[in-house]
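Following: one structure in structure tokens, then a few remarks.
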Amino acid sequence: MMKKGCLAILAVIVIAGIALFGWGKNTYNGLVKQQEGVSAAWAQVENVYQRRADLIPNLVNTVKGYAAHEKETLEGVVNARANATSVKIDPSNMTEADLQRFQSMQGELSSALSRLIAVSEAYPELKANENFLNLQSQLEGTENRIAVERKNFNEVAQAYNTQLRTFPTNLLAGLFNFDAKPYFQAQAGAETAPTVDFSH
């Protein structure tokens, strides 16, 4: 009788161990999958910001052809672009400070672009230039993509962060050092997108 009782207890322990292992494996793999989703979403954010950065040299050269004496404004855009593209973030250990720095540099570039666009208002021939109009269209499209990809990143990061905080997943997340991801925050004045309308 004692032997049967011990076997029953052992069987319960083995079954519980197998169930715990299965839960741990599934939870861990689920967190890894979500973490990879955050990295993929971040790569898309970087892609759209890089697309904007790639448009800027053409924009600057086009403006320079009509408004070469606007040197300070042109240099401001070039410098802001250099600063913005120098900020690199590893999504696997991204911090709030990293994302704020990235946002700050991109915000400075948006401001510099707005100043350049304001300058263009004084040059009717520039505003009518076909290359300039094409760049306008591409820049507007890129600003829209940036907004979409930032929103997508926040949604993916939120789903991951929520999973991290859910009990009992939070116990396993802490054990394996899964860290929460920061979100893009709206900056002061960011409720209105940078003005890229050259048509008036």
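The values are calculated or read from the model by the stated rules, or taken from the named source; none is laboratory data. Just so you know, these numbers come straight off a predicted model, no measurement behind them. Virtual Cβ from ideal backbone geometry, glycine too; neighbours counted across all protein chains shown.
Take ALA84 and decide whether it is over 30 Å from VAL32 (Cβ atoms) and surrounded by 14 or more Cβ atoms within 10 Å (Cβ to Cβ). When the stated conditions are applied, ALA84 passes them.
What about ILE9, is it of a type in the set (Val, Ile, Thr), outside any loop (DSSP other than H, G, I, E, B), without any contact (Cβ under 8 Å) to a residue 60 or more places away in the chain and under 26 Å from GLU149 (Cβ atoms)? Judged against the criteria, ILE9 is not a match. Of all residues in segment 122-144, those that are over 17 Å from GLU46 (Cα atoms) have Cβ atoms under 8 Å from Cβ atoms of residues that are among the aromatic types (Phe, Trp, Tyr) and in a helix (DSSP H, G or I), 6 or more apart or on another chain, in TYR123/TYR66; GLU125/TYR66; LEU126/TYR66; LEU126/PHE132; ASN129/TYR66. Residues in segment 24-39 that are in contact (Cβ under 8 Å) with a residue 12 or more places away in the chain and not hydroxyl-bearing (Ser, Thr, Tyr): GLY24, GLY30, LEU31, GLN34, GLN35, GLY37, VAL38. Only one entry of VAL38, VAL32 meets the criterion of being among the β-branched types (Val, Ile, Thr), loosely packed, with under 15 Cβ neighbours inside 10 Å and under 14 Å from ASN161 (Cα atoms), and that entry is VAL32.
Kindly check whether there is at least one residue in segment 88-101 that is crowded, with 20+ Cβ neighbours inside 10 Å, in contact with a helix residue (DSSP H, G or I) (Cβ under 7 Å, 6 or more places away or on another chain) and either hydrophobic (A, V, I, L, M, F, W, C) or without any contact (Cβ under 8 Å) to a residue 12 or more places away in the chain (or both). No, there is no match, as no residue in segment 88-101 is crowded, with 20+ Cβ neighbours inside 10 Å, in contact with a helix residue (DSSP H, G or I) (Cβ under 7 Å, 6 or more places away or on another chain) and either hydrophobic (A, V, I, L, M, F, W, C) or without any contact (Cβ under 8 Å) to a residue 12 or more places away in the chain (or both).
Just checking, how many residues over segment 136-153 are at pLDDT 90 or above and either in contact with a helix residue (DSSP H, G or I) (Cβ under 7 Å, 6 or more places away or on another chain) or more than 15 Å from VAL48 (Cα to Cα) (or both)? Total satisfying the criteria: 9.
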